[in-house]
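To start, the structure under review is shown below, and the notes come after it.
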Amino acid sequence: MDTAAAAARPAAPAGSSRDHVVVFPFMAKGHTLPLLHQASALAALPGDVDGAGAAPLRVTVVTTPGNLAFARRRLPARVALVALPFPAHPDLPPGAESADALPSHSLFPAFLRATALLREPFASYLASLPAPPPLALVSDFFLGFTQRVADDAGVRRVTFHGMSAFSLALCFSLATRPPPEAPGSGGVEDGAGDATIRVPGFPEGFTIAEDEVPHAVTQATDLDDPVTRFLLEEVRDWEHRSWGVLVNSFDALDGDYAPLLESFYLPGARAWLVGPLFLLAAAGEDGDGDEDPEGCLPWLDERAEGSVVYVSFGTQAHVSAAQLDELAHGLVGSGHAFLWAVRSSSDSDASWSPPVDVGPEGKIVRGWVPQRRVLAHPAVGGFLSHCGWNSVLESLAAGRPVLAWPVMAEQAANAKHVADVLGAGVRAGVKAGAGADASPELLGRERVAVKIRELMDGGEAGRRMRARAEQVAQAAGAAVGEGGTSRLALRRMVDKLRRSYGGGGEGRDDDERRDAARAEPNV
């Protein structure tokens, strides 16, 4: 390997057959974590997954120096790590090697452009590997250049979006056939005077309101937007050529939408539902449970069962100081205890302090939170979330209902899924299509308090919501268990990859997604 790539851990010696999987996450915590879990799950697979005496997989994660420590703490020792120098960009401060570390979201387009410059170093890394080439490359969709590099190297690429099959299919469908720009231009009336949109390919009767269209879709029509231009120039024409799509979800939750998602790729491409990846990964090897610098878990230990609402908007979503003020007042006014992770995505967030005394029943933290352990704690009764898919999946896998407050990207689609389709959450009432840099109208403190009570109390409706979340949790656990659909899908993906190089064809089997007498309950 040349000086363009520095190995942080030595890879295992090459075998005589394709037994090496390279995993390349996008440099943002929400994109990186699930692929680290994927790498752990691949490395834990037994060698003979296809009955042909194959060797266990060797797995290498590719990242950059500034992300090495984060990755190393969350990977088992048998997964190799390789660092490619992060490219310099005139608009980026030195050391900003992860999107969530940017001092302002306005720098995200420059960050994307910098990551595209990793193409040549990555090609050099793949060329430096001993024969035979890797079995597969699993890479984030933002890293569109990896498709070109994989094609040149004769390697199958599996793309990863970090979204559910439902949300990805919804966004692709709406982007392919954009929704009407005004009421009466193709929508239908819902009886209350609001225009709704029928989504191509979705079940009959499924509609969304115009103000529920995800920002990921509305932004895609803005050719002046720098992120849209990047996607058009660096991603779109390569994404659909992927051999398959890795989905951090599971069949009982998302399987109905997988065929529609597959239709946006080349014939024969499969959507592999292998999640929840954090459950599929080897237990205790991802490091999430080892860090609680803010003392969240001891604080929760002192609270009554189901009494605490956990609040987090993730690592990248920006919420204005004025909205944070209203949220603080609403949380205190709700009468419920709360644990609130305030992450600094801008200077204004970093300097914000609550305008009201939160008292002993409110805890505001700014550092790392072991979110999965927090959600699984008996004291937590619900999750006020921006509805990033990682957060939604973690909440549902813990059996916790969601108060959906989407901010950006596809989060409105996730809110639709959890609240309206699954019935395991309730909407906060924000305008879902607002973008990361938009200034949506404030959700006032009284409304915040009402919605938190609806989440945490809610009478009969609240009991149904909690019961649905618990049903999803049971199905998630079954999916990753021995014989579960996610564990079988991972093995079949590896099997199909191996056969795809051997002259036996890719052997697409239309019903193999469901051919294992599923044990997990339907959700």
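The values are calculated or read from the model by the stated rules, or taken from the named source; none is laboratory data. It should be emphasised that the depicted structure is a prediction, and the values quoted were computed from it without experimental measurement. Note: ideal-geometry Cβ built from the backbone for every residue, glycine included; neighbour counts use all protein chains shown. Keep in mind that these areas ignore ligands, DNA and RNA; they rest on the heavy atoms of the full protein, side chains included. Shrake-Rupley method; radii C 1.70, N 1.55, O 1.52, S 1.80 Å.
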message: Skipping prolines and chain starts, which residues have an amide H placed within reach, meaning under 5 Å, of the one on F338, given they are 5 or more residues away or on another chain?
response: V309, G362, K363
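What FRET efficiency, computed as 1/(1 + (r/R0)^6) with R0 = 25 Å and r the Cβ-Cβ distance, is obtained for A77 and E291, rounded to the nearest 0.05? Before the final figure, lay out each step's value.
Numbers: r = 19 Å, r/R0 = 0.74.
Given R0 = 25 Å and the Cβ-Cβ separation, E is 0.85.
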task: Enumerate the amide H contacts of V426 below 5 Å, restricted to partners 5 or more residues apart or on another chain; note that Pro and chain-start residues carry no placed amide H.
output: V402, L403, A404
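Over segment 102-151, with the other protein chains present, what is the accessible area per residue in square angstrom, probe 1.4 angstrom? Don't jump to the answer; show the numbers that get you there.
Values: 1500 Å² over 50 residues.
It amounts to 30 Å² per residue over segment 102-151.
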task: Give, in nm to one decimal, the length gained when the segment between E361 and E302 is fully stretched (0.36 nm per residue of separation minus the Cα-Cα distance).
output: 20.2 nm
- prompt: How large is the accessible surface per residue of segment 292-339, computed with a 1.4 Å probe and reported in Å² as a whole number?
  reply: 35 Å²
task: May I ask you to evaluate 6.51 cos²θ - 1.76 cosθ + 1.60, the Karplus curve with θ = phi - 60°, for each residue of segment 357-370 and list the ³J(HN,Hα) values in order in whole Hz, giving x for glycine and proline?
output: 5, 7, x, x, 8, x, 10, 10, 10, 10, x, 5, 10, x
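Output the direction-averaged projected area (hull surface divided by four) of the convex hull of the alpha-carbon atoms of segment 118-182, in nm². Before the final figure, lay out the partial values.
On the way: hull surface 23.7 nm².
Over every viewing direction, the Cα hull of segment 118-182 projects on average to 5.9 nm².
Express the carbon and sulfur contribution to the solvent-accessible surface of segment 190-283 as a percent, rounded to the nearest whole number, probe 1.4 angstrom. Write down the numbers at each step before the final one.
Numbers: 1980 of 3900 Å².
That share works out to 51 percent.
Given a Förster distance of 45 Å, report the FRET efficiency between V421 and S128 from their Cβ-Cβ distance, rounded to the nearest 0.05.
On the way: r = 46 Å, r/R0 = 1.03.
Efficiency for this residue pair is about 0.45.
Subtracting the Cα-Cα distance from 0.36 nm times the residue separation, let me have the gained length for E120 to L223 in nm, one decimal. The partial results should precede the final answer.
Numbers: separation 103, 0.36 × 103 = 37.08 nm, distance 2.74 nm.
Result for the pair: 34.3 nm of gain on full extension.
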